[in-house]
Structures are given as structure tokens and as C-alpha cells.
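Only the coordinates and a few stated rules stand behind these numbers; no lab work does. Remember, predicted model here, so these are calculated numbers, not experimental data. Here the Cβ is made from the backbone with ideal geometry for all residues, glycine too, and neighbour counts use every protein chain on show.
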Amino acid sequence: MIIDWTHFTPGSALAGGMVIGIATAVLLLLAGRIAGISGIVGGLFKLRGDDMGWRIAFVSGLIMAPLVWQLFSELPLIQIDTGYGLLALAGLIVGVGTRYGSGCTSGHGVC
């Protein structure tokens, strides 16, 4: 993967970090939950309906964010220099690791 440093803007990185920080703080304060993506998505596959609403809203926001971004700016070019098989294997290994570690670094690190 190649990072395009010529188009990096500290302002957008700061704004994104602030949005992530506010969102995780709100989720922690209002729902008592850590905003770990693996735990949130994993909870969608359980048959408990008492917390499905906020999980669906959170994942919908993750999916809609790039679509909204496209309205105002061009999405960055993503280049992955490996085959789909290795990419799928890496994703599987990361998924197993998040289950053993009781969640992924997105929630643990930010919260």
C-alpha cells in the first residue's frame, strides 16, 4: 500500500480524529460500550434485539461516510500490492486475533 503524502492535509486528519474521539466518547457515555468495530459488527450476528439499533446505526455510518465524502471531494486512490487470496488470509488472521484479544485496537486504543 502506498500513502500519497502530497495530498495529506493535517486539518482533515485532525477533524477526523476529533470526530472519532467524540463518537467513541458519546458511545461510552450514553451506552456504556467501547467503540470497537469487531465487537459492534460481531454483535449484529447475535439474536439479541435490545442493542441492534445503535449497532446498525454505527455500521451504517461507517458505510455512508465515504459516500458523503465523495459529495465534497475525491476519494483517495487505494492501491493494494497483493493477491486476493493473501488479502483474505490476512483478514481471517486479524479476525481470529480480535476474538482472542477480546476486541480490536480501534476500540481499545481510542477508548
- Item | In range of the label at THR6: residues from region 51-89 whose backbone nitrogen is under 19 Å from the point 7 Å along Cα→Cβ | 74-80
- Measure off 7 Å from each Cα along the Cα-to-Cβ vector at PHE45 and LEU87, then give the distance between these two points in nanometres to one decimal. 2.1 nm
- For the chain, fraction of C-alpha pairs farther apart than 23 Å, in %: 44 percent
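Tell me the mean residue ellipticity at 222 nm calculated for the chain from its helices only (DSSP H runs of n ≥ 4, each -39500 (n - 2.57), averaged over every residue, nearest 500).
Calculated at 222 nm, the ellipticity per residue is -21500 deg cm²/dmol.
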- Query: Short version: ³J(HN,Hα) in whole Hz for each residue of region 22-35, in order, from phi by Karplus 6.51 cos²θ - 1.76 cosθ + 1.60 (θ = phi - 60°), x for Gly and Pro, what are they?
  - Reply: 5, 4, 5, 5, 5, 5, 5, 6, 8, 10, x, 10, 8, 7
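Give the calculated FRET efficiency between PHE72 and ALA31 to the nearest 0.05, with a Förster radius of 30 Å applied to their Cβ-Cβ distance.
On the way: r = 29 Å, r/R0 = 0.98.
Efficiency, from the Cβ-Cβ distance: 0.55.
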- Query: What are the ³J(HN,Hα) values, in whole Hz, obtained from phi via the Karplus relation 6.51 cos²θ - 1.76 cosθ + 1.60 with θ = phi - 60°, for each residue of region 62-71 in sequence order, with x given for Gly and Pro?
  - Reply: 5, 6, 7, 4, x, 5, 5, 4, 5, 5
